[in-house]
1. If the viscosity is 0.692 mPa s and the temperature 37 °C, what Stokes-Einstein diffusion coefficient in µm²/s follows for the chain when Rh is the Kirkwood radius over Cα pairs?
2. If you take the square roots of the eigenvalues of the alpha-carbon gyration tensor of the range 228-286 and sort them as a ≥ b ≥ c, do you get rounded (a/c under 1.5), prolate (a/b over b/c) or oblate?
3. Given a Förster distance of 22 Å, report the FRET efficiency between Q240 and K30 from their Cβ-Cβ distance, rounded to the nearest 0.05.
4. Using a Gaussian network model of the chain with C-alpha springs under 10 Å, which one of K267, K38, K174 is most mobile by mean-square fluctuation?
5. Roughly speaking, what is the centre-to-centre gap between the range 63-106 and the range 328-355 when only Cα atoms are used, to the nearest Å?
6. Would you please classify the overall shape of the range 212-257 from the alpha carbon gyration tensor, given that a ≥ b ≥ c denote the square roots of the eigenvalues, rounded means a/c under 1.5, and beyond that prolate means a/b larger than b/c while oblate covers the rest?
7. Tell me, how many Å apart are the Cα centres for the range 141-186 and for the range 248-313?
8. What residue among V156, V207, V229 shows peak mean-square fluctuation when the chain is described by a Gaussian network model with Cα springs under 10 Å?
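The values are calculated or read from the model by the stated rules, or taken from the named source; none is laboratory data. In this text, all values refer to a predicted model and were calculated from it rather than measured experimentally. Because the Cβ atoms are built from the backbone with ideal geometry, glycine has one as well, and the counts that use them run over all protein chains shown. Only protein heavy atoms, including side chains, enter the accessible area calculation; ligands, DNA and RNA are left aside. Shrake-Rupley method; radii C 1.70, N 1.55, O 1.52, S 1.80 Å.
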Amino acid sequence: AEAVLTQAVQKMNGSVSQPHIDSGTQFKFKAPNFINFKSQQLQDILAFVQSVVFTVPDSGNIQMPPELAKQTISIGNSTYQMGIGGLHSTEQSVHYIANEDFILVDRDVTSYYPTIILNQGLAPAHLGEAFTNTYRQILDRRIKAKQSGDKVTGDVLKIVVNGSFGKFGSRYSKLYAPDLMIRTTITGQLSLLMLIERLEHEGISVVSANTDGVLIRCPKQLIDIMESVIWLWEHETNFQTEETHYRAVYFRDVNSYLAIRTDSSAKRKGVFSTASLSSNPENDVCVDAVTAYLRDGKPIQETILECNDIRRFVSVRRVNNKAVWRGKFLGKAVRWYYAKGIDGFIQDKVNGYKVARTEGAKPLMELPDHFPTDIDFDWYIREAHSLLAGVGIATQESADA
């Protein structure tokens, strides 16, 4: 992200200097004019946020002041907290299911923080208009790629536009601008609180919020009102939202959840994520089993026992000090599965500590030609039931296990 932006800006400006902002530099947040609230509670929060002094620490990594981070905001039946990364709700071990009376709909803001940066004209002072022009071109390309179904280009450019926001907070980056990072993230949080307040005022529940969107449980007779509230909010803030409907959403917490879309596909986050370019595999067969159970009613044991793809059973973890097992050197990247008859655990080579979650693990540094015969299926079944319990679902199978 930094390389792409600085190279483009350098072509326009001739050079890109390294910014220097002294430790101890202080500033305050000023809300954009469109931020407004109806309730006294949120008006007080707005005033408080604008009174807080942000200070650049020696590390250069700006943090949310404690007096702001510990604030809790209750709207309807949900409680929210502000953080350096964004607004988040605080639900735990809860699930919501759409029915004949209610719909579940997720409304995410398209390219939220990048849009705030452009809408508010935020650019590091030493880069100026060249940054804004370059950033806008990249964001426009990203949105067009996403809309046209070009997932590869869309995902690559997503890294560029979102990663550059993160660089606002890095002292070692040529994009360093801690005041802009705060202006971006707090504008986003206050904007979401505006939307939440308006929906709740109309009797429409927001059951979860996280950084760039909200999950709404809307009575079917209020769908038109919900659409009107969101449209007006988009018009006032100059944001656009994307809509996803769900059959059900199961939360362990705001960062770990499993959502079943109306087309039966699944969205999985946190502990429910499966292997991808951004996520190492960790007992993916357990998540497969939980998904099949919640979506189709398929027994946990059935999904796990019928799987013969060893890749769905492995876990991968990085061990900075390198790892050993029974005296055998394994390296920094360790792959294993849980096997019958295995005592002990994988150890850190330097300090001898147990590598997390490796009790009963058997290293599998090379994938075999044949499916292992010693897999501890009972371990995976118990793990899947533990995931279910985390979202508040108890089954007879789990009691038997």
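1. On the way: Rh = 23.9 Å.
The Stokes-Einstein estimate is 137 µm²/s.
2. Values: a/c = 2.81, a/b = 2.12, b/c = 1.33.
Since a/c reaches 1.5 and a/b is larger than b/c, the shape of the range 228-286 is classed as prolate.
3. Details: r = 24 Å, r/R0 = 1.11.
Efficiency computed from Cβ-Cβ geometry: 0.35.
4. Maximum fluctuation in the GNM of the chain, among the listed residues, is at K38.
5. 38 Å
6. The shape class here is oblate.
7. So the separation of the two Cα centres works out to 29 Å.
8. Highest fluctuation of the listed residues: V156.
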